[in-house]
Amino acid sequence: MTPKTSQPHPKISRWLPLAVAVLLVGLAGCAEKAPPPSEPEPEPVRVENAGVGVALASLPAFFRVDVNEGDRFVLVPADPQVAGELTIVAQDPQTAGINLLAAVEEHKAQLGEAADGEFKGQRELNGPLGTAFYSRGRYTAEDGTATEEIKVFLIHPWGDRRLDLSYVYPAGEDTAQRLQDQLFEVFGELEPLEVPGEDAAADTPAESG
């Protein structure tokens, strides 16, 4: 007698191809929904300038360092298609008190003397180095370009001088972005450096009488 060959149930035979197709579609869908591997976050770039006496704990991605020599500390947009220059300057030491509001008034007067100069206002800020004031205005540069200038004035962490941030760029509709996302980002990353010679003086033993 010839043995009978087992046959799948007719209903199973009918639905098996469909079940396989559904399974394949589901697997394909899972593959499409799988998130791509995330790229590692870039390491923060710390920038120091001993001449100015401050560092940027992390250089904002929008900027690159243009000059960092002696007491010259200048940032420019990383994108060469975007114009602008942000300068960080330590003023000369002062023996008297440092008046930040007087610095704002001085900037306001400078804007009034510039071609088409217009003072746009001021505001108090709080950052890692303490209280500061910013002053903003517009004028027409010598080459005829409508220019916007924002300055931030604060007391240098050494306590004996003023620290100024000056951001100059072509005037446009991006003032809020330039202020909030660029200048304030730099302001928030400021850190003090040691006073020159302070470590050496601390390590030098005092003379005995």
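The values are calculated or read from the model by the stated rules, or taken from the named source; none is laboratory data. None of the values given here were measured: they were computed from a predicted structure. Protein only, heavy atoms only, side chains kept; ligands, DNA and RNA dropped before computing areas. Shrake-Rupley method; radii C 1.70, N 1.55, O 1.52, S 1.80 Å.
Taking the accessible area of the range 99-153, probe 1.4 Å, and keeping the other protein chains in place, the carbon and sulfur fraction comes to 42%. Taking a ≥ b ≥ c as the square roots of the eigenvalues of the Cα gyration tensor, the range 84-134 is classed as prolate, since a/c reaches at least 1.5 and a/b is larger than b/c. What separates the Cα centres of the range 84-119 and the range 132-163 is a distance of 6 Å.
By a 1.4 Å probe calculation restricted to protein chains, Asp79 has an accessible surface near 70 Å², given to the nearest 10.
Any idea of the accessible area per residue across the range 57-137, 1.4 Å probe, to the nearest Å²? Accessible surface, normalised per residue, equals 57 Å².
Compactness ratio for the range 67-186: Cα radius of gyration over 2.2 N^0.38 Å (N = residue count) comes to 1.06.
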